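What follows is a set of notes on a single structure, which appears directly below.
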């Protein structure tokens, strides 16, 4: 891809960066700034993917996570670095949306596809969703501790996050499977909302259990992310009729090892 083709990604990302800097670093959080930031994010995704609505789910989750986590940082030197990093992540989010959905358009028109581009777009979409899950989970847990929010509010927000994350991932997985000519079980893929509800329920039960632990928000966010990442890996292969016993074992083993390392290496104090 020529450098000139990246301009359509850099311009919205630079505007995103300036909005985060201007409204959240210099002048503080306001309702009008939030509306403006979300409108910029939604319109960017809408334009990049040639007016598709599904990508709006990803961009809303990512922007929400970016804002919530930024609020928990307060005003310090790390805030500027965070805004820079999250703006680069926004750039990659737009690139992932373009690579995946535009390649899907080529597939629908029976045009020549670039499998590597489609794969990278799919992987970028998954990565941005996982980043969003961590940012929202750790951010809202920090607010739950600092502002003494009711537990049900935190659990509801995390449930909504996981529910819509799974809705998005299962739908792009369905599109990717069709593009790769993978045989799909029609019954499985007609009940995507059920899997989304199930994933949200699992994570809510998890957050209720670990809310009693004396852990800070980063640890809680990391635990939720590890469990959700493993759950999605299993669900993805199940929907593609490619689920093997070793995949289940390897993902459960990953979660177990992560939890063991966390238990024995983390200072269990709320900060």
Residues of segment 87-98 being farther than 9 Å from residue 48 by Cβ and surrounded by 24 or more Cβ atoms within 10 Å (Cβ to Cβ), which ones? 90, 93, 96
Please verify whether segment 136-152 includes one or more residues that are assigned to a helix (DSSP H, G or I) and more than 18 Å from residue 216 (Cα to Cα). yes
Output the qualifying pairs, or none if there are none: Cβ atoms under 8 angstrom, residues six or more apart or on different chains, first residue in segment 223-240 and under 14 Å from residue 171 (Cα atoms), second residue outside any helix (DSSP H, G or I). 237/243; 237/244; 239/184; 239/185; 240/182; 240/184
Looking only at segment 196-218, which residues are part of a helix (DSSP H, G or I) and either in contact with a strand residue (DSSP E or B) (Cβ under 6 Å, 6 or more places away or on another chain) or buried (at least 21 other Cβ atoms within 10 Å of the Cβ) (or both)? 196, 199, 200, 203, 207, 217
Name every residue in segment 32-53 that is crowded, with 16+ Cβ neighbours inside 10 Å and not in a helix (DSSP H, G or I), in order of residue number. 49
If you check residue 70 against the conditions, is it within 27 Å of residue 22 (Cβ to Cβ), surrounded by fewer than 21 Cβ atoms within 10 Å (Cβ to Cβ), at pLDDT 95 or above and in contact with a helix residue (DSSP H, G or I) (Cβ under 9 Å, 6 or more places away or on another chain)? no
Going by the conditions given, is residue 15 modelled with pLDDT of 85 or more, within 24 Å of residue 158 (Cα to Cα) and in a helix (DSSP H, G or I)? no
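The values are calculated or read from the model by the stated rules, or taken from the named source; none is laboratory data. Not measured: the values here are computed from a predicted model. Cβ atoms come from the backbone with ideal geometry, glycine included; neighbour counts cover every protein chain shown.
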